[in-house]
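Beneath this line is the structure, given in structure tokens, with notes to follow.
The values are calculated or read from the model by the stated rules, or taken from the named source; none is laboratory data. Keep in mind that what you see is a predicted model, and the values were worked out from it rather than measured. Quick reminder, even Gly has a Cβ in these numbers, built from the backbone with ideal geometry, and neighbours come from all protein chains shown. Surface areas here come from the heavy atoms of the whole protein model, side chains and all, with no ligands, DNA or RNA. Shrake-Rupley method; radii C 1.70, N 1.55, O 1.52, S 1.80 Å.
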Amino acid sequence: MTEKKEPLHLLITIVERGQGEAVARLYQNEQLIWHYQSSGFGTASSELLNVFGFGTTERDVLLSVAPAKKVRNLLYQLNNDLRGSVNAKGIAFHLPLTGINKSVMEFIIEAGDSQGKAENRMGKTEEVHIMQSSDQNLILIVVNQGHTDRVMETAKKAGARGGTILRSRFLGVEESEKLYGITLQAEKEILAIVAPGQTRKNIMESVQKEHGMHTEAGAVLCSLALEGSVTRLG
């Protein structure tokens, strides 16, 4: 049984295209260090774009993982002392994680540790740390580019019905390599899978075992609880 750790949250930040890296730098200054950036397009009307502060439909979507306390404090600061400290327009919100790689969790929580201590932890066998259960979950699997097909094949064998792939980049590679003492690839792909509780556990454990951070795929996994049942269209 894994000892209880501070809960982690996924902070989702949506800003205008080209502003994601500036936001990530601000977050890193506030001790949020783990970020993935993807590109997206908004579909809202011009009236709604004005309401949310967007000037265009092109987006940078930033996915950041951090302890819940740090995320809440950052959002509070963005509404107060940090307001206007970065030239970006958009929105930010956060959700609790239901699972994540144990080693990634330790890195994020103990980001202030020395590089040597982080290197020692990398040698340990990785496990998926399950924080809580939920009827329906969104599993996010971040892998090095070119490994998604094999990871999806493993997920299907464990019960996944399908998934969606997003192209992404890991920001702060140089800083993280100095902290962890490992080589990281910037270009990533995010595989999104919806699955019920027990299937979620099987998928995450299978992918972690076959494609975890100690492999060429370098998979980082997390999951989030979904409200209510999942409706399938068509």
**Complete:** Listed by first then second residue, the pairs whose first member lies in region 122-145 and is modelled with pLDDT of 65 or more, whose partner is crowded, with 19+ Cβ neighbours inside 10 Å and assigned to a loop (DSSP other than H, G, I, E, B), with beta carbons under 7 Å and at least 6 positions apart or on separate chains, are Ile141/Ala219; Val142/Ala219; Val143/Ala217; Val143/Gly218; Val143/Ala219; Asn144/Ala217; Asn144/Gly218
**Prompt:** Which residue out of Asp81, Asp113 is in a loop (DSSP other than H, G, I, E, B), modelled with pLDDT under 65 and over 23 Å from Lys201 (Cβ atoms)?
**Reply:** Asp113
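Determine whether region 164-176 contains at least one residue that is over 22 Å from Ala66 (Cα atoms) and either open to solvent by less than 60 Å² (accessible area, probe 1.4 Å) or at pLDDT 60 or above (or both).
Yes, that holds for at least one residue.
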**Residue list for region 205-234, restricted to those being touching a Ser or Thr at 6+ places or on another chain (Cβ under 7 Å) and either exposed (fewer than 15 other Cβ atoms within 10 Å of the Cβ) or at pLDDT 95 or above (or both)** = Ser206, Val207, Glu210, His211
**Prompt:** Hey, Ser103 hits all of (1) farther than 24 Å from Gln31 by Cα; (2) modelled with pLDDT under 85; (3) among the hydroxyl-bearing types (Ser, Thr, Tyr) but one; which does it fall short on?
**Reply:** (1)
